[in-house]
Amino acid sequence: MTTRRELRLLLAQGRYALSLGRVKDVVPLIQAQPGLVEPLVELLFEEDTGISQRAADVLERISHNPSPALYRVLVRSKDALLGLLAEAGPKKLRWNLALTLGRVPLNVSECRRAVNILSTWLDDSSSIVKTAALQGMADLTRLDSPLLPEVLDLLRLHSRSGTPAMRARCRILLKKLEKRPGKNDARV
């Protein structure tokens, strides 16, 4: 059984804060031991930005297709993730949080809280953070369909004015969201 300390040591390995380090080694450990999600979430709050950003990278990767056990632990961690969202500083931490929260089941008020914070990230200097914020907001419309018109407007805007990567992601998201059944019923 891996401990929080061992997890921290694995995530501390990397030449600089944005390096991948041992992320690819940690992902299968977490998948095999879902109880490690809680210590992993604690590491998101580390002062060492390399560790916090790598922990966020691991969390984002395991949130893609979590086992039922991992899913339950992710759900229990949503309050901590939402709390960190408002104060997250390092860009890799921010973009991974944006992508992860779009995959965690939130209630309507939590979705709106997350979207409000993510919308402020659209002024970030990092185009990756902006793109991840747009992706996270688009993902959250699955859980709170009344957000759809606002998110569609943001996607349309950034599909014309963002960086090439942002424009491409916005076009993909628009295509997906505009085809979604019931989208015209989003505002009742």
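The values are calculated or read from the model by the stated rules, or taken from the named source; none is laboratory data. Here the structure is a predicted model, which means the values were calculated and not measured. Ideal geometry is used to build each Cβ from the backbone, glycine not excepted, and the neighbour counts take in all protein chains shown.
To keep it simple, each residue is scored yes or no on (1) among the aromatic types (Phe, Trp, Tyr); (2) at pLDDT 95 or above; (3) under 20 Å from ASP57 (Cα atoms); (4) in contact with a strand residue (DSSP E or B) (Cβ under 9 Å, 6 or more places away or on another chain).
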position	(1), (2), (3), (4)
ALA114	no, yes, yes, no
SER119	no, yes, no, no
ALA132	no, yes, yes, no
MET137	no, yes, yes, no
SER145	no, no, no, no
Regarding CYS111, is this residue farther than 20 Å from VAL41 by Cα, crowded, with 21+ Cβ neighbours inside 10 Å and not assigned by TED's automatic domain parsing to the domain that holds LEU36? no
Give the residue that is surrounded by the most Cβ atoms within 10 Å (Cβ to Cβ), with candidates limited to residues of region 125-150 that are among the hydrophobic types (A, V, I, L, M, F, W, C) and over 24 Å from PRO90 (Cα atoms). LEU148
Counting just the residues of region 93-140 that are outside any helix (DSSP H, G or I) and among the hydrophobic types (A, V, I, L, M, F, W, C), which one comes out nearest to the chain's Cα centre (by Cα)? VAL104
